[in-house]
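Notes follow the structure.
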Amino acid sequence: MFAAGRFAGLLGRSGARTARVSLFSRGLSGRGLSSSLLRQTRVAGQLGQLNSRVVSSKSWNSSVRMYSSGPQARQQAPKLRYFILIALIGTGAFLYTINKTEKKLPKTFITNEEYEAEKAKNKLKHKKTAFAGDDDVAVVFVLGGPGAGKGTQCANIVRDYGFAHLSAGDLLRAEQARPDSKYGQLIANYIKEGTIVPMEITLALLQQAMRERIAKDGVKRFLIDGFPRKMDQAIKFEEDVAVSKFVLFFECPEDVMLKRLLKRGESSGRTDDNIESIRKRFRTFIDTSMPVVDYFSKVGKVVSVSCNNAPDAVYAEVQAAFKERGILPSK
Ligand SMILES: Nc1ncnc2c1ncn2[C@@H]1O[C@H](COP(=O)(O)OP(=O)(O)OP(=O)(O)O)[C@@H](O)[C@H]1O
Ligand SMILES: O=c1ccn([C@@H]2O[C@H](COP(=O)(O)O)[C@@H](O)[C@H]2O)c(=O)[nH]1
């Protein structure tokens with residue numbers, strides 16, 4: 001469209017220029033021949049050499065050239081028409097190619113309408129979430145890029161607000177390390193590649209961990225850290241497990257996260273705290289996880305906190321956000 005618009009603009013300009021030229025030509029012919037020109041024409045006629053296109057006098061040169069440009073302009077008109085035709089065909093082909101290419105692109109984002117349709121479909125299948133009967137169960141999703149500081153801030157919240165902290169990444173690593181796990185190798189591969197483990201595994205681990213915490217010490221407020229990382233996980237969790245209260249989103253520039261992860265990699269022992277895996281994790285975050293943040297943002301559920309400060313300053317922002325949402329410290 002932009003190209004077509006620009007093209008139309010060009011056409012408009014050249015069209016205006018053509019109009020100006022032809023108007024000027026008509027004006028000249030409308031004015032008729034000036035008396036001196038008439039005189040000259042008569043003289044030329046008398047000499048039997050009338051040739052409206054060839055005038056020798058220098059002083060009339062410009063007028064005469066304009067006057068005689070009529071036939072030339074008519075000769076050029078077909079050329080202009082060809083040019084316009086070719087340009088229109090070219091623009092059409094260009095727009096067609098773009099349209100086709102767009103249709104071929106992989107889809108990483110779902111619209112609200114698609115989300116609502118999916119939700120409606122799921123509602124028929126799953127009439128109740130796992131904790132639907134328990135109004136005390138509260139879930140806050142904690143999202144942010146790799147190394148943004150989610151785990152660090154979750155530890156503060158657990159200490160002061162009595163939440164249980166469930167990190168999806170920690171649960172997957174524990175499952176990977178469990179000797180009898182049938183998913184150990186699969187999880188290890190996904191983590192090293194920085195891609196998202198099939199959601200059924202993560203959902204089952206989260207749901208089981210929530211049940212265990214409720215049974216163990218009655219804690220019903222959960223920080224679900226590093227989840228959902230994909231739109232389908234978000235939909236499934238909210239349909240099957242619990243609807244989130246809001247999303248705590250830690251914003252952080254990539255270069256800051258990179259530095260933190262490389263530093264952490266010196267002692268973490270994590271298979272994905274190396275430059276190769278980190279780059280892949282950043283890519284997955286942008287392509288697959290940011291659409292989740294965008295979605296929750298559209299429905300007014302995202303509380304953003306800037307992570308590019310000292311941990312205490314970040315935590316002060318978290319506390320303010322919690323207060324705003326009516327969540328107070330437990331002691
Ligand atoms: N505000 C901060 N300033 C400086 N360093 C920080 C800050 N917050 C966290 N860190 C450090 O950065 C590293 C990553 O932090 P953390 O593990 O909390 O991030 P994360 O978002 O949970 O990461 P991941 O998604 O990879 O699990 C840690 O070594 C942590 O000590
Ligand atoms: O919902 C999830 C959460 C995590 N993963 C995989 O685990 C790693 C590490 O996650 P951290 O939150 O950084 O601990 C992540 O890169 C994914 O590969 C997942 O698949 N699904």
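Can you tell me how much longer the chain between Asp287 and Glu118 gets when fully stretched, taken as 0.36 nm per residue apart minus their C-alpha distance, in nm with one decimal?
Going from the current span to full extension adds 58.8 nm.
Could you list the trypsin sites (Lys or Arg not before Pro) in region 158-212 that lie in coil according to DSSP, counting only those with at most 14 other Cβ atoms within 10 Å of their Cβ?
Hits after loop and neighbour filter: Lys182.
Of Lys220/Lys245; Lys128/Lys182; Lys298/Lys331; Lys236/Lys259; Lys245/Lys298, which pairs sit farther than 23 Å apart, going by alpha carbon to alpha carbon?
Lys128/Lys182; Lys298/Lys331; Lys236/Lys259
Output wanted: per-residue J couplings in Hz (rounded whole) for region 233-241, from phi through Karplus 6.51 cos²θ - 1.76 cosθ + 1.60, θ = phi - 60°, x for Gly and Pro.
5, 4, 5, 5, 5, 5, 7, 9, 10
Once you treat every alpha carbon in region 136-324 as an equal point and sum by Debye, what is log10 I(q)/I(0) at q = 0.17 Å⁻¹?
Relative scattering, expressed as log10 I(q)/I(0), comes to -1.21.
Of Val247, Ala188, Ser289, which is farthest towards the positive pole of region 177-297's charge dipole, taken about the Cα centre with +1 and -1 on the beta-carbons of Lys, Arg and Asp, Glu respectively?
Most positive-ward Cα: Ala188.
Residue by residue through region 80-86, which ³J(HN,Hα) values in whole Hz follow from phi under the Karplus form 6.51 cos²θ - 1.76 cosθ + 1.60 (θ = phi - 60°), with glycine and proline marked x?
Per-residue couplings from phi come out as 4, 5, 4, 4, 4, 4, 5 Hz.
Only the coordinates and a few stated rules stand behind these numbers; no lab work does. As the structure is a prediction and not an experimental result, all values here were calculated from the model. Positions of Cβ are generated from backbone atoms using ideal geometry, with glycine treated the same way; all protein chains shown enter the neighbour counts.
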